[in-house]
Amino acid sequence: MSETVVDTEEYVGLLIRAGEFDSTKWPAGMEQGAVLLARIRGIEQLCREEHGVWDWELLPPDLQDEYDCVCLDLSRLRDEFFPPGPNIPAEEFFAQLEAERAETAKWVTR
């Protein structure tokens, strides 16, 4: 049986994508991320229930503000534990992104 190893930052990304609200599954010190994520998904669900679709524009202004603040808090939590790298010029960023896509395409077509 093969193993897949992910670092903590990747693991947190997976928790967010999976919608994991159980704080015991979050890394030590990041447990608040589960609470923030639950509120984010809760607001999205309220919108779906009321309008049949998730659309930030359909939220009342107070929920738009809350949603934005909670998303920002989650981003800040992630940045606190996984500081972003140094700023790079946009040209360099997009060149790196294109190189990564090309590398991924090689693996997908094999």
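The values are calculated or read from the model by the stated rules, or taken from the named source; none is laboratory data. Quick caveat, the model's predicted, so the values are computed rather than measured. Cβ atoms come from the backbone with ideal geometry, glycine included; neighbour counts cover every protein chain shown.
Of all positions in the stretch 64-73, at least one carries a residue that is within 17 Å of the chain's Cα centre (by Cα), more than 18 Å from Phe21 (Cβ to Cβ), modelled with pLDDT of 95 or more and of a type outside the set (A, V, I, L, M).
Here Leu74 passes the criteria (1) surrounded by fewer than 16 Cβ atoms within 10 Å (Cβ to Cβ); (2) in a helix (DSSP H, G or I); (3) among the aliphatic types (A, V, I, L, M) except the one numbered (1). Could you say whether any residue in the stretch 54-70 is touching a helix residue (DSSP H, G or I) at 6+ places or on another chain (Cβ under 7 Å), touching a residue at least 40 places away in the same chain (Cβ under 8 Å), surrounded by 11 or more Cβ atoms within 10 Å (Cβ to Cβ) and assigned to a helix (DSSP H, G or I)? No; the residues of the stretch 54-70 include none that is touching a helix residue (DSSP H, G or I) at 6+ places or on another chain (Cβ under 7 Å), touching a residue at least 40 places away in the same chain (Cβ under 8 Å), surrounded by 11 or more Cβ atoms within 10 Å (Cβ to Cβ) and assigned to a helix (DSSP H, G or I).
Of all the residues in the stretch 77-92, those that are outside any helix (DSSP H, G or I) and at pLDDT 95 or above number 0.
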